[in-house]
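The values are calculated or read from the model by the stated rules, or taken from the named source; none is laboratory data. Just so you know, these numbers come straight off a predicted model, no measurement behind them. Counting neighbours? That spans all protein chains shown, and the Cβs are built from the backbone with ideal geometry, glycine included. The area values use the complete protein model at the heavy-atom level, side chains included, leaving out ligands, DNA and RNA. Shrake-Rupley method; radii C 1.70, N 1.55, O 1.52, S 1.80 Å.
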Amino acid sequence: MGRAVGTLWGPPFRAIAERRHARSLHAEGICLRAEVIPLLAGPTLLSVGQRLAGPALVRLSTSMWRNGKEWPDILGAAVRFLRHDRITEDAMPGDQDLLFSTMRHMWTIAPAVLSTRVHDFLENDYYGIAPFRVEGVGRVKLRLTSPRDVAPRQGSRVERLQEAMSNGTAVLTFEARSLDSGAPHTWRPLAEIFLREEVSLDPERLRFSPFRDGLGITPTGFLHHMRRSAYQQSQVGRTEH
């Protein structure tokens, strides 16, 4: 059903991408080299954190606005957990993509636009929106959280991010909450993602996919499958441009 509804979304997303000459959503962002460190979260979740450990590519982005405008918006965080040390636009076999935004659910778009702290990427939590199935764990919700007990930063959101990286405080905690019966329904940390430095990549070639699941984290359910056609058609629109 999600795929069927998603086909209705495809043409509008393709048209927007063609008109913007970029992604229909999250068209502008900053790419970062990151390092993933697993956390002690019990034997089951520890194994997941250990699978994710190593280098990563993180893209922090705006949703609607471009050219550095810090207007009300939804921010996004895309993470590619890498099985190699090279940071390039191209995904390799075994890589894992996960996409997050400051929107908790699809039906909370309007509140998220108003509640997102658009002046600082690291002053927000990012949510996976819909459930995932994690190999060895079951069905979960995922999110990225950021520390709030750091000294205030100054400047634009990019300048604030650069300041945090230079201070070693640019970190996102990767957390999971089980949706299976009998399991604790609390957020539990799996790993910390340390943002190290900005990297220059070609935005036309860089393409994240929520269905790239090389490390056993697979999107499930109606909402995720509804996104499939929208992503594909948006990429077609960019390619045709």
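What strands (runs of 3 or more DSSP E) completely inside segment 39-106 contain at least 2 residues that are under 16 Å from Arg157 (Cα atoms) and of a type in the set (Gly, Ala, Ser)?
Here the list reads 76-81.
Within segment 103-152, can you find the residues that are closer than 21 Å to Thr220 by Cβ, of a type outside the set (A, V, I, L, M, F, W, C) and surrounded by 14 or more Cβ atoms within 10 Å (Cβ to Cβ)?
Within segment 103-152, Arg104, Thr108, Tyr126, Tyr127, Gly128, Pro131, Arg133, Gly138, Arg139, Lys141, Arg143 meet the criteria.
The conditions are (1) over 30 Å from Gly42 (Cβ atoms); (2) without any contact (Cβ under 8 Å) to a residue 40 or more places away in the chain; (3) touching a Lys or Arg at 6+ places or on another chain (Cβ under 9 Å), and Val199 fails exactly one of them. Which is it?
Among (1) over 30 Å from Gly42 (Cβ atoms); (2) without any contact (Cβ under 8 Å) to a residue 40 or more places away in the chain; (3) touching a Lys or Arg at 6+ places or on another chain (Cβ under 9 Å), Val199 violates only (2).
Would you say Val171 is under 17 Å from Leu52 (Cβ atoms), in contact (Cβ under 8 Å) with a residue 12 or more places away in the chain and β-branched (Val, Ile, Thr)?
Taking the combined requirement at face value, the residue satisfies it.
Considering each residue of segment 138-168, count those that are at pLDDT 90 or above and in contact with a helix residue (DSSP H, G or I) (Cβ under 8 Å, 6 or more places away or on another chain), and give that number.
6
On the given criteria, is Arg212 of a type outside the set (Val, Ile, Thr), open to solvent by 20 Å² or more (accessible area, probe 1.4 Å), within 20 Å of Gln96 (Cα to Cα) and free of Cβ contacts under 8 Å to residues at least 60 places away in the same chain?
So Arg212 does not fit the description; no.
Going by what's in this entry, would Pro189 be described as open to solvent by less than 70 Å² (accessible area, probe 1.4 Å) and under 20 Å from Thr102 (Cβ atoms)?
yes
When you check Val113 against the structure, is it touching a residue at least 60 places away in the same chain (Cβ under 8 Å) and either touching a strand residue (DSSP E or B) at 6+ places or on another chain (Cβ under 8 Å) or among the β-branched types (Val, Ile, Thr) (or both), yes or no?
no
Does Ile129 meet the test of being β-branched (Val, Ile, Thr), more than 22 Å from Arg33 (Cα to Cα), within 17 Å of the chain's Cα centre (by Cα) and in a loop (DSSP other than H, G, I, E, B)?
yes
Ser181: within 21 Å of Leu45 (Cα to Cα), among the hydroxyl-bearing types (Ser, Thr, Tyr) and surrounded by fewer than 17 Cβ atoms within 10 Å (Cβ to Cβ), yes or no?
So Ser181 passes the test.
Looking at (1) under 23 Å from Glu35 (Cβ atoms); (2) among the charged types (D, E, K, R); (3) in contact (Cβ under 8 Å) with a residue 12 or more places away in the chain, which is the only condition Arg139 fails?
Result: Arg139 fails condition (1) only.
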